[in-house]
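The values are calculated or read from the model by the stated rules, or taken from the named source; none is laboratory data. Since this is a predicted model, take the numbers as computed values, not measurements. Please note: Cβ atoms are built from the backbone with ideal geometry, for glycine as well, and neighbour counts cover all protein chains shown. Remember, those area values only see protein heavy atoms, side chains included, never the ligands or the DNA or RNA. Shrake-Rupley method; radii C 1.70, N 1.55, O 1.52, S 1.80 Å.
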There are 2 protein chains.
Amino acid sequence: MSRASARAAGLTRAEPIFAALGEETRLALVARLCARGPQSITRLTAGSAVTRQAITKHLHVLAGAGLVHDVRRGRERIWEIDAEGLDDARLWLEKISKRWDEALGRLKKLVEE
Amino acid sequence: MSRASARAAGLTRAEPIFAALGEETRLALVARLCARGPQSITRLTAGSAVTRQAITKHLHVLAGAGLVHDVRRGRERIWEIDAEGLDDARLWLEKISKRWDEALGRLKKLVEE
DNA sequence: CTCATGCGCAACCTCCTGGTTGCATATTAG
DNA sequence: CTAATATGCAACCAGGAGGTTGCGCATGAG
């Protein structure tokens, strides 16, 4: 939580992050990178239903949303999660949920009066 | 958090929710429904860049993800947020983030030894 | 040096998505 | 009853997303 980027205040960055997570293969990639740590493309492709190229594309989408970053190591490229992105998304959800709870409180109060 | 549905344990429900939130117009709709409370389609369309029909479609997508529900009232249809969906998404993010933190801890430990 | 690995690039292809327009239907205001 | 309001339904469209295949290039293993 302490690592969440400050700009998470607005909903600016939220949409691309949700869009990136809103696809089965990518969501699985994120889950995998979180659970098993940094991995190469080939390794990430293993066990997946799609081609290495497809995985590569998905990784680039995730990178575009700031959810992962990569480092070249020898002849392979290692991809690692960027947890700040996840935090930003979570913060956005918290903020919006809270806003709804407040609205709900007002509505309830309005009915009671 | 107490309202989050239990099934949030797996990532089952997470993907459609993220997919629904991963579109500008829909994310704005969710934000608006949370901030200003239940509203009719026409009201939600006001101020939006797209057609009422487009808004209607988006609302159905959100409903499909369990993020909103609607009630007919007279000749208008009122849409309201279903905050459990937001909670589910948040819980998924928390779970995965935590998993990554643990993995990171293990990696750090591995390097130090 | 030679080969097997691990990737990157690019051309294609298909489907779904976001949006629109046109028209029909239901309700409430007067 | 009549008109205006609030939606619903369906056909249509362009563009982008997800996926594949084919081929070229760099790098590490022997």
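Being touching a residue at least 12 places away in the same chain (Cβ under 8 Å) and either more than 21 Å from B:Arg32 (Cα to Cα) or charged (D, E, K, R) (or both) is true for just one of A:Arg36, A:Arg99, A:Arg26. Which residue is that?
So the residue among A:Arg36, A:Arg99, A:Arg26 that is touching a residue at least 12 places away in the same chain (Cβ under 8 Å) and either more than 21 Å from B:Arg32 (Cα to Cα) or charged (D, E, K, R) (or both) is A:Arg26.
Against the definition (touching a Phe, Trp or Tyr at 6+ places or on another chain (Cβ under 8 Å), within 27 Å of A:Glu24 (Cα to Cα) and either more than 16 Å from DNA strand C (Cβ to nearest atom) or touching a residue at least 60 places away in the same chain (Cβ under 8 Å) (or both)), how does B:Leu21 come out, yes or no?
yes
Residues to consider are A:Ala63, A:Ala46; find the one that is surrounded by fewer than 17 Cβ atoms within 10 Å (Cβ to Cβ), away from chain B (no Cβ under 14 Å) and under 25 Å from B:Leu21 (Cα atoms).
Matching residue, one of A:Ala63, A:Ala46: A:Ala63.
For the stretch B:27-40: of the residues being within 14 Å of DNA strand C (Cβ to nearest atom) and open to solvent by less than 30 Å² (accessible area, probe 1.4 Å), which is farthest from A:Phe18 (Cα to Cα)? Give the derivation first.
Going residue by residue through the stretch B:27-40, those that are within 14 Å of DNA strand C (Cβ to nearest atom) are B:27-30, B:40.
Imposing the further condition that a residue be open to solvent by less than 30 Å² (accessible area, probe 1.4 Å) reduces the set to B:27, B:29-30, B:40.
Numbers: B:Leu27: 9, B:Leu29: 14, B:Val30: 13, B:Ser40: 25 Å.
The selected residue is B:Ser40.
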